[in-house]
Amino acid sequence: MSRSYLLGALHDGTVRHRTIRICQKEEAYISFLKQLIESLGGRAWTYREGKTRDLYVVEFSRSFLEPHRLCSRRDVIDYVRGYFDAEGGISSNARSPYLYFAQKDRKDLEELRGFLIGLALEVGRIHNPSRRVDPDYWRFYLRRRSLRRFAELVGSWHPRKSKLLNEMSEYRGSWARPINE
């Protein structure tokens, strides 16, 4: 368990004056984050946003993450895992898999892309899928030949995404290749 993971997950969060809020539609993931924070010695609370919305929130003290920095390869891997769990996209079809990262902050996405390249994962270029729809929205894909390596090296702690990644890494279709290559 790692504070680096929480730094990555923070990309789907809001930093307030004294607290950090991370929201997701999956209550199980929010419960997981609360348990992670508490296992690291922090305090966190969860709640449902509104009476009819399927949006769940974990909130914790901002000071819990302030002194933490990425110092090791393990920190980078945990950070990327947290980022993926919060902001990454994944197909639900193991036969036609893809994985991508999207963000409005291009510099933030460039930093993440650099981390993935540093982990020997192949990635596509950062691009804007539709300037007309949103000129400030950026994304890049992980190359298919790196999907299995991503699944085995980085993985996921998100209840839904971890299941999909496992299915992808077990699939032996034409796009999959062993991690050693």
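All of the numbers you see were taken from the coordinates with simple rules; none came from a lab. Computed from a predicted structure; not experimentally measured. Ideal geometry is used to build each Cβ from the backbone, glycine not excepted, and the neighbour counts take in all protein chains shown.
When the Cα atoms of the stretch 27-111 are enclosed in a convex hull and the volume is divided per residue, what value in Å³ results?
Roughly 162 Å³ of hull volume per residue.
Neighbouring Cβ atoms within 10 Å as the yardstick, rank Asp136, Asp78, Asp108, Asp12 fewest first.
The order, fewest Cβ neighbours first, is Asp136, Asp108, Asp12, Asp78.
Would you mind checking the tilt of helix 159-170 against the longest principal axis of the Cα atoms of the chain, expressed as 0 to 90 degrees and rounded to 10?
For 159-170 against the chain, the angle is about 20 degrees.
Hey, if you put +1 on the Cβ of every Lys and Arg and -1 on every Asp and Glu Cβ in the chain, which of Leu99, Pro67, Leu7 ends up farthest toward the positive end of that dipole?
My answer, from the dipole projection, is Leu99.
Give the angle, between 0 and 90 degrees and rounded to the nearest 10, that separates the Cα long axis of helix 106-118 from the longest principal axis of the Cα atoms of the chain.
60 degrees
P(r) of the chain in 10 Å steps, Cα pairs, percent per bin?
9, 35, 36, 17, 2, 0
State the extension gain, in nm to one decimal, for the chain segment bounded by Leu119 and Asp134, taking 0.36 nm per residue of separation less the distance between their alpha-carbons.
2.4 nm
Once fully extended, how much extra length lies between His17 and Tyr47, figured as 0.36 nm per residue of separation less the alpha-carbon to alpha-carbon distance?
Contour length minus Cα-Cα distance gives 8.9 nm.
Which angle between 0 and 90 degrees, to the nearest 10, do you get for helix 27-39 versus the longest principal axis of the chain when only C-alpha atoms count?
70 degrees
Looking at the stretch 68-156, which chymotrypsin sites (Phe, Trp or Tyr not before Pro) are DSSP coil and have at most 15 other C-beta atoms within 10 Å of their C-beta?
Passing sites in the stretch 68-156 are Tyr98, Tyr137.
Can you give the helix-only mean residue ellipticity at 222 nm for the chain, where every DSSP H stretch with n ≥ 4 adds -39500 (n - 2.57) and the sum goes over all residues, rounded to the nearest 500 deg cm²/dmol?
-11500 deg cm²/dmol
Seen from all sides and averaged, what is the projected area of the convex hull of the Cα atoms in the stretch 73-170, in nm²?
6.0 nm²
Multiplying the sequence separation of Lys25 and Lys104 by 0.36 nm and subtracting their Cα-Cα distance, what value in nm do you get?
So the chain would gain 26.4 nm between Lys25 and Lys104.
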